[in-house]
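Chemist: One structure follows; several queries about it will come next.
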Amino acid sequence: MISTETLLLFLATTFVVVLSPGPAAIAVTGEAASNGLRRSFLVILGVAIANVSFFVLTATGIATLIIASNMLFSVITWVGVAYLIYLGCSAIFSSDGPLKITPVQSSIGNSHRVFLRGFILQVSNPKALLYFSALLPQFIDVSRNIAPQLAILCSLTFLIDLMCYSFYAYIGVRSSALALSPFLVKCVNRAAGSMLIFAGLKLITVERQ
């Protein structure tokens with residue numbers, strides 16, 4: 001169905017892209033540091049489901065239409081920019097920044113918000129949309145049934161998301177176990193906030209394929 005060479009290339013490419021530090025990794029690490037692995041898994045699940053959504057868009061051809069439309073692409077871009085800058089400012093100026101090391105109490109009723117945080121963060125990222133719409137077709141053999149190929153690649157991406165972001169969650173949990181000084185925690189928060197703001201501003205420069 002999919003050649004071994006193509007499959008290995010897809011795995012390597014997707015693994016590198018997912019494992020590369022970015023807004024989603026920062027969000028997962030921060031949630032794990034604050035509230036543990038269980039809560040961070042909701043962020044991971046949100047990111048993974050967002051990527052599944054991109055697969056659906058690609059399969060139906062909607063992704064291409066979105067990229068072809070300047071208005072829709074701009075909306076997606078600016079939503080992502082605004083959300084990342086909001087998270088960054090929260091990290092810098094609020095005591096509830098994404099990399100707050102001291103665990104905080106979180107009610108079970110807010111679990112859906114944690115999930116949505118990961119989902120919105122990823123689904124509003126034009127780079128993710130561009131990756132799936134521009135690169136994914138390169139791994140599809142149009143001479144064969146496309147649906148099974150997309151199902152396989154989608155499942156593999158979902159598993160890679162879970163694996164890579166779980167690694168970041170582990171880093172977050174381990175960091176929360178360290179006796180860090182309040183000053184160092186503040187520095188970490190500000191550094192994370194600055195990275196998020198930088199990532200948000202960077203989205204503005206994303207070029208359409």
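Chemist: Output the peptides 35-44, 8-17, 111-120 sorted from most to least packed, where packing is the average of other Cβ atoms within 10 Å over each peptide's residues. Provide the component values of the computation, followed by the final result.
Modeler: On the way: 35-44: 20.7, 8-17: 14.8, 111-120: 17.2.
Highest-to-lowest ranking by the protection proxy: 35-44, 111-120, 8-17.
Chemist: When the Karplus curve 6.51 cos²θ - 1.76 cosθ + 1.60 is applied with θ = phi - 60°, which whole-Hz ³J(HN,Hα) does each residue of the stretch 31-42 get, with x for Gly and Pro?
Modeler: Taking θ as phi minus 60°, the curve returns 5, 5, 5, 7, 10, x, 4, 4, 6, 5, 5, 5 Hz for the stretch 31-42.
Chemist: With the full set of protein chains in place, find how many percent of the accessible area of the stretch 17-57 is carbon and sulfur; take the probe as 1.4 Å.
Modeler: Answer for the stretch 17-57 is 75 percent, counting heavy atoms of protein chains only.
Chemist: Here's a follow-up. Could you check the spin-label model distance between Cys89 and Arg38? Points 7 Å from the Cα along Cα→Cβ, value in nm.
Modeler: About 3.4 nm, to one decimal.
Chemist: Express in nm, to one decimal, how much length is gained between Asn110 and Ser20 on full extension, taking 0.36 nm for each residue of separation and deducting their alpha carbon distance.
Modeler: 29.6 nm
The values are calculated or read from the model by the stated rules, or taken from the named source; none is laboratory data. Just so it is clear, the model here is predicted, and its values are computed rather than measured. Note that each Cβ is placed from the backbone with ideal geometry, even for glycine, and that neighbours are counted across all protein chains shown. Side chains included, ligands, DNA and RNA excluded: accessible areas come from the protein's heavy atoms. Shrake-Rupley method; radii C 1.70, N 1.55, O 1.52, S 1.80 Å.
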